[in-house]
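Shown next, in structure tokens, is the structure this report addresses.
The values are calculated or read from the model by the stated rules, or taken from the named source; none is laboratory data. These figures come from a predicted structure and were not determined experimentally. We place every Cβ from the backbone using ideal geometry, glycine too, and count neighbours over all the protein chains shown. Quick note on the areas: whole protein, heavy atoms, side chains included, nothing else; ligands and nucleic acids left out. Shrake-Rupley method; radii C 1.70, N 1.55, O 1.52, S 1.80 Å.
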Amino acid sequence: MTISGFTFVRNAVRYDYPVVQSIRSQLPLVDELVVAVGNSDDGTLELIEGIGEPKIRIVHTVWDDAKRVGGHVLAEQTNIALAECRGDWCLYLQADEVLHQDDYEAYRAALRRAAQRDDVEALLLHWKHFYGTYDWLGVGRQWYRREIRAVKNLPGVTSWGDAQGFRIRDEHGVRKLRAMQADVWVYHYGWVRRPDVQQQRQRAFQAMYHDDAWVQEHVGMAEAFDYTNCDRVEPYTGTHPSVMAQRIAQAGEWAGHFDPARLRKAALHDRMLDGIERLTGKRLFEYRNYVEV
């Protein structure tokens with residue numbers, strides 16, 4: 001069984017994406033790693049080239065900034081990288097997602113099991129969403145719990161929506177992939193940045209979904225992100241992936257300014273559903289972009 005990794009990135013330096021850490025966390029698992037590097041003017045290409053790993057294969061792309069509906073440009077870039085993969089299985093991470101070295105063996109074992117089953121087309125991974133700093137996890141319905149991050153290299157597999165998950169096109173149309181759970185966690189650091197950089201990233205990110213007027217109204221021109229758009233967090237006491245050690249050590253004093261007491265209050269129906277989930281472990285009305293097998 002051969003394994004490809006794939007990802008995409010643009011302006012990683014300007015928006016402080018941990019893309020080098022993301023790529024390094026996936027390298028031990030793959031035979032090749034395809035990186036679609038979008039047109040950037042901040043040294044992103046040089047950053048990826050500087051990793052100096054022969055497994056990495058860079059694909060140069062140009063983003064269509066006119067596509068400002070639903071984040072579809074993200075799926076487009078994902079599909080460009082996926083199309084270059086030559087392995088039997090394709091492992092995906094976005095530029096702010098990192099794997100923990102303690103999960104490597106579980107990931108390999110899950111891939112071996114999945115390869116022996118004709119009814120499995122993808123693997124579901126679990127998520128840890130860090131918020132504000134590296135010491136807090138965003139929890140509750142606001143955050144997705146599982147998503148596909150490994151797909152069998154089948155004709156018709158495609159990134160879906162805004163690249164959160166995948167589907168497959170076959171003779172019957174477009175359907176959800178049949179996915180098996182793997183005991184593997186994705187460490188998501190997209191909400192841990194210096195507040196001024198996070199605000200810049202928010203403007204750029206929302207511009208892939210909305211027009212300038214919407215971005216002006218909902219993101220605004222404040223210099224710093226206030227880290228209050230999360231309902232609930234819990235302290236994190238576990239370990240981080242080893243590739244993140246230097247980045248975490250160099251976080252700076254901004255990491256000590258996050259105050260969970262300032263978080264917004266969730267709507268009543270969300271608090272009720274969250275309470276049911278805490279009591280039962282079941283998330284009612286959960287969106288699932290896959291069929292679990």
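Among PRO235, PRO260, PRO241, which is the only one that is closer than 23 Å to ARG145 by Cα and in contact with a Ser or Thr (Cβ under 7 Å, 6 or more places away or on another chain)?
PRO241
Go through the stretch 284-293 residue by residue and tally those that are part of a loop (DSSP other than H, G, I, E, B) and modelled with pLDDT of 90 or more.
Adding up the residues that qualify gives 4.
So which residues in the stretch 261-283 are open to solvent by less than 40 Å² (accessible area, probe 1.4 Å) and either in contact (Cβ under 8 Å) with a residue 60 or more places away in the chain or acidic (Asp, Glu) (or both), if there are any at all?
Correct list: ALA266, LEU273, ASP274, GLU277, ARG283.
In the stretch 108-126, is there at least one residue being open to solvent by less than 30 Å² (accessible area, probe 1.4 Å) and touching a His at 6+ places or on another chain (Cβ under 9 Å)?
No, because not a single residue in the stretch 108-126 is open to solvent by less than 30 Å² (accessible area, probe 1.4 Å) and touching a His at 6+ places or on another chain (Cβ under 9 Å).
Taking the options LYS152, LYS176, name whichever one is of a type in the set (D, E, K, R) and surrounded by 19 or more Cβ atoms within 10 Å (Cβ to Cβ).
The conditions single out LYS152.
On the basis of being open to solvent by less than 60 Å² (accessible area, probe 1.4 Å), closer than 26 Å to ALA182 by Cα and in a loop (DSSP other than H, G, I, E, B), does GLN26 make the cut?
no
Where residues in the stretch 65-89 are more than 21 Å from GLU32 (Cβ to Cβ) and not in a helix (DSSP H, G or I), which of them is modelled with the highest pLDDT?
GLY71
Looking at this structure, is ARG149 over 17 Å from the mean Cα position of the chain (by Cα) and either among the aliphatic types (A, V, I, L, M) or part of a strand (DSSP E or B) (or both)?
In short, no.
Please go through the stretch 155-173 and pick out each residue that is buried (at least 18 other Cβ atoms within 10 Å of the Cβ) and polar (S, T, N, Q).
Within the stretch 155-173, SER159 is the sole residue that qualifies.
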